[in-house]
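Nothing in this text is a laboratory measurement; each read-out follows from the coordinates by a stated rule. What you see is a predicted model, and the numbers here were worked out from it, not measured in a lab. Here the Cβ positions follow ideal geometry from the backbone for every residue, glycine too, while neighbour counts run over all protein chains shown.
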Amino acid sequence: FRGAPDFRVEKKMEFHLVYAGGLIKSANAKGVAWEKHAIRRHLHDQIKRLWETHPALNFYASKVVEQDDEGNPTPSRPFLNVLAENYSRAGIGFIPLMTKANGLICSLDILLLRPDRPGTILQRGGDIDNRVKLLIDALRIPSDASEMKKRTGDDPDPNPMYCLLQDDNLITSFKVKTDRLLFSMGDSANEACVIIRVETAQIDPFGSPWELHL
């Protein structure tokens, strides 16, 4: 894409994602597939908004693709539609921000707020490692339909659905802090607020020509 914003001097983005809702269970808990997808759906609007407002992402979101990977002419298609087709699962197109093809990686700084006092997360509902694993699984696109479960009465999945990652291997580091949640969302015994600071970097700026490059 000629004329793309030049981000070579500052090869990173920093932004925050916020989840506020039901208590994050251990990754081994019953019903965890539904909860992962619920968090994924919760974050969709925020990541979509990032694509709409970040100058470089918005530039790519407005582009069209007119060639395939071999350089052969094809009918013009919106760039985001191509991404969604490339990462579709069970009839839903996913648009991950970080993919193996575009060379983007990230680090996470996670603040987990719970009604309990700091430290009790280790005694109630599973250890912190499993809880964080559940959260990280929710940041990536699902592997298949088994990871896209919903409750009866839930709205249909947005299509396309915006996600942070193609694969959780694209996370290079993370740290977690827990503290007490000092406001109520209506279910004081079963609620959590998670603030995720995401910092991206690029390790391969010369990947697929039809992936975004910052």
For labels at residue 46 and residue 174 in the simple 7 Å Cα→Cβ model, what's the distance in nm? 1.3 nm
Nearest-0.05 FRET efficiency for residue 18 and residue 66 at R0 = 35 Å, using Cβ-Cβ distance, is 0.40
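Subtracting the Cα-Cα distance from 0.36 nm times the residue separation, let me have the gained length for residue 111 to residue 155 in nm, one decimal. Could the numbers behind the result be given before it?
Numbers: separation 44, 0.36 × 44 = 15.84 nm, distance 2.83 nm.
Result for the pair: 13.0 nm of gain on full extension.
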I need the shape label for segment 148-203. Rule: rounded when a/c is under 1.5, else prolate if a/b > b/c, else oblate, with a, b, c from the alpha carbon gyration tensor. oblate
